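Enquirer: This is the structure I have questions about; it appears just below.
The values are calculated or read from the model by the stated rules, or taken from the named source; none is laboratory data. Remember, predicted model here, so these are calculated numbers, not experimental data. Note that each Cβ is placed from the backbone with ideal geometry, even for glycine, and that neighbours are counted across all protein chains shown.
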Amino acid sequence: MDAGTGMKWRELRQMLTTADKIFDMVRLVDPMKMCEVSLSEDGRLVEVDGNCYDFWKHNTKCSNCTSLCSLNLGCSASKNEKVDGCSYHMLSESVDLTDGSGKTWKLVIEMISQTVGEAESLQSTVLVVDDQEVYRMIIKEILHEEYVVLEAENGRQALDILAEHEGQIAAVILDLMMPEMDGYEVMRHISSDGRRRNIPVLVTTGETDIENERKCLEAGAWDFVAKPINRDTLRLRLKNIIGRSRFDYQKQERYLVEHDQLTSLYSRIKLFEQARRMIEANPEKQYAFIRIDLDRFHLYNSFFGENEGDKLLVYFAKKIKDNAEVFPEAVFGRIEADIFGICCPYQEEKIAAMRENLLVDLQKYNDTYYMEPSIGVYVIGDRQLPVEEMYDRASMAVEPCKHKFMADVGYYDEHMTNKLRVEQELMNEAQKALDEEQFVVYLQPKTNLRTEKHYGAEALVRWKHPDKGMVSPGKFIPVFESNGFIGRLDFYMWEHTCRLLHKWIEEGLDPAPVSVNVSRANMYNPNLIENLKELIQKYSLPAKLLQLELTESAFMDDPDMMIAKVKELRESGFTVLMDDFGSGYSSLNTLKDIPVDILKVDMKFLGTGDKDGRSERILASVIQMATLLELAVIVEGVETKEQKDFLESIGCDYVQGFYYARPMPWQEYEEGLRNLDRRSS
């Protein structure tokens, strides 16, 4: 599957855990493969043995597969099935899951519960709990034609029977005064157990005063039958509480689907559904769809931990609710992660005020960490657009505001759609381009300043399109990074580079190391190191010939994981370069913690308009510091002799840039290797 945005795997695990307390069975399935899947501790997707339809005792795909229906329609679907004489109700909810490697999968959550239909009332099981055998006999006699009746003579025995018949008890008829464990204690146990709290309890009591009823209701009673027991009253009240429990269960089931489990706001699906209803019900009104997120929320999670991140999201959700309610009408919800949505009448002043309010609220929440909201607005012009697309347009509007201090609210315009259309065209052609090897390897040499000789190169990707000619990496790389395709392109480049290195060694040439880029998405790939090892083994290469470049900003998302991954790469023999050093938020601290081998600094690090030489002195200090740490430094973007002379004067080891060589097709670089070999022989 292509990678992209979706529910993060940790969030899905939390949702599955919550749902498991409510339903008899909760499972994750891939309807296209007709298999059940599970999430590992590190977010990997693992296929479970067998087919998803095995549970229903089918030999092939279910003809009434609601999970496939849910996947195709993008909404919830449900069905009733009977297996081995038992009836089940299943609710299917599609979800886009972003796994631990950054890939996105289209899956379905199946929430299954055993149910009882009208025609199956004879199958319903009722547990009668009373220390007086005579009352148990009376109740059993009244109910035996309609129900299977189990008996317990005290509370302890009742709990054992409930455990033994998990999910099969339709109701409990409970006496209050019993030895060992009384009825109040039994109700407390039932109410506190997530799997049993929906079992209705009918209390039989000889005391019918108001205080006793209050006490019973607080403990978890659903209704009462006075002793001596009346046949018709018992049957009617038992039937009513069982019916209510089914209704309450369905309400709870629907609530789980329609509301976000962390914040209790509308879920993505429910928000979009309610927004559509509101827009269609008021054709004369001008509406806007607003997308709100927390800028750099991932860093907050990294610094303070996920639990604190969740607390912040709950707080932020409440403030969004407070601000949304100033509009005469509005629907709002959590779309995913730290992204929220509001659909409301378009009032520009209120939207601007909302941003200011949220900014103040965030500063109040944690005055030691600066956060601000990013807000994108689509003023709804085309009311026939799917709400999903309205949200996409609001998302496009927010991009220019992100990571910019005190940026204002972003508004959508048509140029953004044109940009999206171009990006979509690139994505539509990406896989075909990969299969047809339209992506080609260009190499830009690195030069040793002491010898002024090339020493290795950086492998750079170019797209040689059959119709459009050479497509600039500046056009397709950001698109591939945003949707995860960059992970596949990375591997393609690694393999083609290894193939070239192997070719040159086989032909007797002496290639210096070539560095390849490792995207942020691949750093989250749990199979990264294994994949790289397999490549160098496949092409019989020493690990030192394939150097790995990682951007400094990649280390800011999850520093602990990145540090561990870099250590493992180095232990496997790979040389690791930190690219774009100096462009992140905490370079010196990063350098202290992350054990890289080489720093790459761009000449842009010096900036422009520096008249007093401060940038040059800072760069000189970085190189001196790297020398003390026994790190080599490569400065890239070197274009003039003045730059080269300055870098040489401050002790820089290597440079890369147009002054010495532009990126060139691999064939041209290979010819340079041959010339060097001829001169040395």
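Enquirer: I need every pair where a residue in the range 180-197 that is assigned by TED's automatic domain parsing to the domain that holds ARG156 has its Cβ under 6 Å from the Cβ of a residue that is surrounded by fewer than 17 Cβ atoms within 10 Å (Cβ to Cβ) and modelled with pLDDT of 90 or more, sequence separation at least 6 or different chains.
Expert: GLU180/ARG156; MET181/ARG156
Enquirer: Now a separate question. Can you tell which of PHE272, PHE303 is outside the structural domain of ILE169 (by TED's automatic domain parsing) and crowded, with 20+ Cβ neighbours inside 10 Å? Can you show your working first?
Expert: On the way: PHE303 fails: crowded, with 20+ Cβ neighbours inside 10 Å.
None of the other options fit; the residue is PHE272.
Enquirer: How many residues are in contact (Cβ under 8 Å) with a residue 60 or more places away in the chain and more than 25 Å from PRO511 (Cα to Cα) when one looks only at the range 649-677?
Expert: So the answer is 0.
Enquirer: Being farther than 22 Å from ALA512 by Cα, in contact with a Pro (Cβ under 9 Å, 6 or more places away or on another chain) and among the hydrophobic types (A, V, I, L, M, F, W, C) is the filter here, so list the residues in the range 434-479 that pass it.
Expert: Scanning the range 434-479 gives a single hit, TRP463.
Enquirer: When the residues of the range 514-538 are filtered to those that are in a loop (DSSP other than H, G, I, E, B) and polar (S, T, N, Q), which remaining residue is modelled with the lowest pLDDT? Give the derivation first.
Expert: Step one: of the range 514-538, the residues in a loop (DSSP other than H, G, I, E, B) are 518-519, 524-527.
Now drop any that are not polar (S, T, N, Q), which leaves 519, 525, 527.
Details: SER519: 90, ASN525: 84, ASN527: 88.
Filtering the range 514-538 for residues that are in a loop (DSSP other than H, G, I, E, B) and polar (S, T, N, Q), the one modelled with the lowest pLDDT comes out as ASN525.
Enquirer: Which of the numbered conditions does ARG488 fail, given that it passes all the others? Conditions: (1) crowded, with 20+ Cβ neighbours inside 10 Å; (2) of a type in the set (D, E, K, R); (3) touching a Leu at 6+ places or on another chain (Cβ under 8 Å).
Expert: Of the numbered conditions (1) crowded, with 20+ Cβ neighbours inside 10 Å; (2) of a type in the set (D, E, K, R); (3) touching a Leu at 6+ places or on another chain (Cβ under 8 Å), the odd one out for ARG488 is (1).
Enquirer: Among the candidates GLU372, GLU399, single out the residue that is closer than 30 Å to ALA353 by Cα, surrounded by 12 or more Cβ atoms within 10 Å (Cβ to Cβ), of a type in the set (Asp, Glu) and touching an Asp or Glu at 6+ places or on another chain (Cβ under 9 Å). Write out each step before concluding.
Expert: Working: GLU399 fails: touching an Asp or Glu at 6+ places or on another chain (Cβ under 9 Å).
It is GLU372.
Enquirer: Applying the selection to the range 334-377, what residues are over 22 Å from the mean Cα position of the chain (by Cα) and either within 16 Å of MET390 (Cα to Cα) or not assigned by TED's automatic domain parsing to the domain that holds ASP310 (or both)?
Expert: Narrowing the range 334-377 to residues over 22 Å from the mean Cα position of the chain (by Cα): 343-370, 377.
Within the range 334-377, CYS343, CYS344, PRO345, TYR346, VAL377 meet the criteria.
Enquirer: Scan (1) buried (at least 16 other Cβ atoms within 10 Å of the Cβ); (2) within 33 Å of the chain's Cα centre (by Cα); (3) outside any helix (DSSP H, G or I) for the single condition LEU541 breaks and write down its number.
Expert: (2)
Enquirer: Here's something else I'd like to know. Do any residues in the range 498-513 that are assigned to a loop (DSSP other than H, G, I, E, B) have Cβ atoms under 9 Å from those of residues that are polar (S, T, N, Q), where the two are at least six apart or on different chains, and which pairs are they?
Expert: ASP510/SER680; PRO513/GLN547; PRO513/THR575
Enquirer: Condition first: surrounded by 15 or more Cβ atoms within 10 Å (Cβ to Cβ) and acidic (Asp, Glu). Now tell me which residues in the range 166-184 satisfy that.
Expert: Hits for the range 166-184 are ASP175, ASP182.
Enquirer: Would you mind telling me which numbered condition in (1) in contact with a helix residue (DSSP H, G or I) (Cβ under 9 Å, 6 or more places away or on another chain); (2) not assigned by TED's automatic domain parsing to the domain that holds PHE485 GLN438 fails?
Expert: Exception for GLN438: condition (2).
Enquirer: Sticking with this structure for a sec: Being in contact with a helix residue (DSSP H, G or I) (Cβ under 8 Å, 6 or more places away or on another chain) and farther than 21 Å from ALA163 by Cβ is the filter; apply it to the range 204-220 and report the residue that is modelled with the highest pLDDT.
Expert: Our first condition is that a residue be in contact with a helix residue (DSSP H, G or I) (Cβ under 8 Å, 6 or more places away or on another chain); within the range 204-220, this holds for 204-205, 215-216, 219-220.
From the residues that got through so far, the ones that are farther than 21 Å from ALA163 by Cβ too are 204-205, 215-216.
Working: THR204: 89, THR205: 80, LYS215: 83, CYS216: 83.
Of everything passing the filter in the range 204-220, THR204 is modelled with the highest pLDDT.
Enquirer: Hey, among the residues in the range 378-392 that are assigned to a loop (DSSP other than H, G, I, E, B) and of a type in the set (D, E, K, R), which one's surrounded by the fewest Cβ atoms within 10 Å (Cβ to Cβ)? Please lay out each step first, then the result.
Expert: Keep residues of the range 378-392 that are assigned to a loop (DSSP other than H, G, I, E, B), which gives 380-386.
Checking which are of a type in the set (D, E, K, R) leaves us with 382-383.
On the way: ASP382: 9, ARG383: 13.
Here the residue is ASP382.
Enquirer: I've got another one for you. Restrict the check to the range 474-489 and report whether at least one residue is without any contact (Cβ under 8 Å) to a residue 60 or more places away in the chain and among the small types (Gly, Ala, Ser).
Expert: Yes - at least one qualifying residue is present in the range 474-489.
Enquirer: State the number of residues belonging to the range 102-124 that are of a type in the set (S, T, N, Q), within 36 Å of the chain's Cα centre (by Cα) and at pLDDT 80 or above. Before you say what the answer is, go through the steps one by one.
Expert: First, the residues of the range 102-124 that are of a type in the set (S, T, N, Q): 104, 113-115, 121, 123-124.
Next, only the ones that are within 36 Å of the chain's Cα centre (by Cα) stay: 104, 113-115.
Narrowing the set further to residues that are at pLDDT 80 or above leaves 104.
Qualifying residue count, the range 102-124: 1.
Enquirer: Residues that are of a type in the set (Ser, Thr, Tyr) and modelled with pLDDT under 95: list the helices (runs of 4 or more DSSP H) wholly contained in the range 281-377 that include at least 1 such residues. Spell out the reasoning first.
Expert: On the way: elements: 297-304, 306-324, 348-365.
It comes to 297-304, 348-365.
Enquirer: Take the residues of the range 25-47 that are crowded, with 16+ Cβ neighbours inside 10 Å and of a type in the set (D, E, K, R): which is modelled with the lowest pLDDT? Outline the logic, then answer.
Expert: Applying the first criterion (crowded, with 16+ Cβ neighbours inside 10 Å) to the range 25-47 yields 26-31, 34-37, 39, 43-45.
Now restrict to residues that are of a type in the set (D, E, K, R): 27, 30, 36, 44.
On the way: ARG27: 89, ASP30: 88, GLU36: 89, ARG44: 85.
Among those that are crowded, with 16+ Cβ neighbours inside 10 Å and of a type in the set (D, E, K, R), it is ARG44.
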